[in-house]
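Bear in mind these aren't lab numbers, they're just calculated from the coordinates by the rules spelled out. Nothing here was measured: the structure is a model prediction, and the numbers come from that model. Backbone-built Cβ (ideal geometry, glycine too); neighbour counts: all protein chains shown.
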Amino acid sequence: MLRSKIRTSKGNYPVLRLMHGLHQFEKEVHTSNQDFFARLAQKQSPDAIFITCSDSRIDPNLLTGTAPGELFIIRNAGNIVPDYNEHIGGEAASIEFAIEVLGVKDIIVCGHSQCGAIRGLLNPDSLTEMPTVSQWLKHAERTKRILSDNYHEQDSDCVHNIAVQENVLVQMENLRTLPCIARKVMKREIEIHGWVYEIESGRVYIYDPVDEEFLPITLGKNGYELVSGDGLPTSV
Ligand SMILES: [Zn+2]
């Protein structure tokens, strides 16, 4: 089936577009960057672990202006890192490898606007046909608790935006339950960062533990700095 579709190139077959991309990559991109890929083939040495949602609208390399080999990317529905005491899975294994073997020292948890996983978390009735998603989102249950304890009578967009932010903070906390991270955080050998990507504006907000809010960055006289007073809204 796949072979005949490729051969005839007939019909609206989305994977054909990808095949075209593969061909172009091999013949053009790879060919004109042979030294770069030869170096990549030898080893990887990423600058950061980037944990984000599986949402197709997020491109970590595009967002951060990085190339292959510069980000160790972990993705799932809702940019979740399960609490190590409750679940040991692919996320913990990938993180452990990146820290212990590759020596990565910065971990970014990046949530985003219009997140379907967060919508599901806030509207569990919408998940009745998706028992696996429902089960997975239990790892973000604390986000929901924080919302119901602290935020009331707000419109649904606002609740969603706050939930995205709170979920990033919850997952940053969960990261600290991993033994390899707990140890290194104590010795200040690792730093955990919280980001929220706003698809509409193209802006990424960075969590400032001092102001306790997600703030945009600007390029000031002394380099990049967080802009106080222009953070993501946390209440109406
Ligand atoms: Zn999402």
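Applying 1/(1 + (r/R0)^6) with R0 = 30 Å to the Cβ-Cβ distance of THR31 and ASP106, what FRET efficiency is obtained, to the nearest 0.05? Once the sixth-power term is evaluated, E becomes 0.35.
Our summary of shape: the Cα atoms of the chain have principal axis extents of 58, 45, 40 Å, ordered from largest down, in whole angstrom.
How many nm is it between the label spots at HIS20 and GLU141, if each spot is 7 Å from the Cα in line with the beta carbon? Distance between label points: 4.7 nm.
Under 5 Å between amide hydrogens, built in the peptide plane, is the criterion, and for ILE74 it picks out PHE50, ILE51, THR52 among residues at least 5 positions away or on other chains.
Using the Karplus relation 6.51 cos²θ - 1.76 cosθ + 1.60 with θ = phi - 60°, the per-residue 3J(HN,Hα) values for region 108-122 come to 10, 9, 10, x, 8, 5, 6, 7, x, 5, 5, 4, x, 4, 7 Hz, with x marking Gly and Pro. Highest-first packing order for the peptide set 59-65, 73-79, 176-182, 219-225 is 73-79, 176-182, 59-65, 219-225, based on the mean count of other beta carbon atoms within 10 Å. Among beta bridges from DSSP that stay inside region 44-226, the antiparallel ones total about 40%. Given R0 = 30 Å, the distance between the Cβ atoms of VAL227 and ASP155 translates into a calculated FRET efficiency of 0.75.
Mean separation of Cα pairs under 8 Å and 6 or more residues apart, divided by the residue count, gives the chain a relative contact order of 17 percent. The C-alpha atoms of the chain define a longest principal axis, and helix 90-100 lies at about 80 degrees to it.
Each residue of region 184-201 was assigned a 3J(HN,Hα) from its phi angle through the Karplus curve 6.51 cos²θ - 1.76 cosθ + 1.60 (θ = phi - 60°); the sequence is 6, 5, 4, 8, 6, 9, 9, 10, 10, 10, x, 10, 10, 9, 9, 4, 4, 9 Hz, with glycine and proline shown as x.
Ranked by the mean number of other Cβ atoms within 10 Å of their residues, highest first, the peptides 186-194, 23-31 fall in the order 186-194, 23-31. With respect to the chain, whose longest principal axis is taken over its alpha-carbon atoms, helix 141-150 is tilted by about 40°.
Add +1 for every Lys or Arg and -1 for every Asp or Glu among the other residues with Cβ under 15 Å from the Cβ of ASP55, and state the total. Provide the component values of the computation, followed by the final result.
Numbers: positive: ARG57, ARG75, ARG119; negative: ASP59, GLU198, GLU200.
With Lys, Arg at +1 and Asp, Glu at -1, the net is 0.
Between helix 156-175 and the chain there is an angle of about 80 degrees, using the helix long axis and the longest principal axis of the Cα atoms. Annotation: aspartates and glutamates with alpha-carbon distance below 18 angstrom to LYS27 (same-chain offsets under eight excluded): ASP35.
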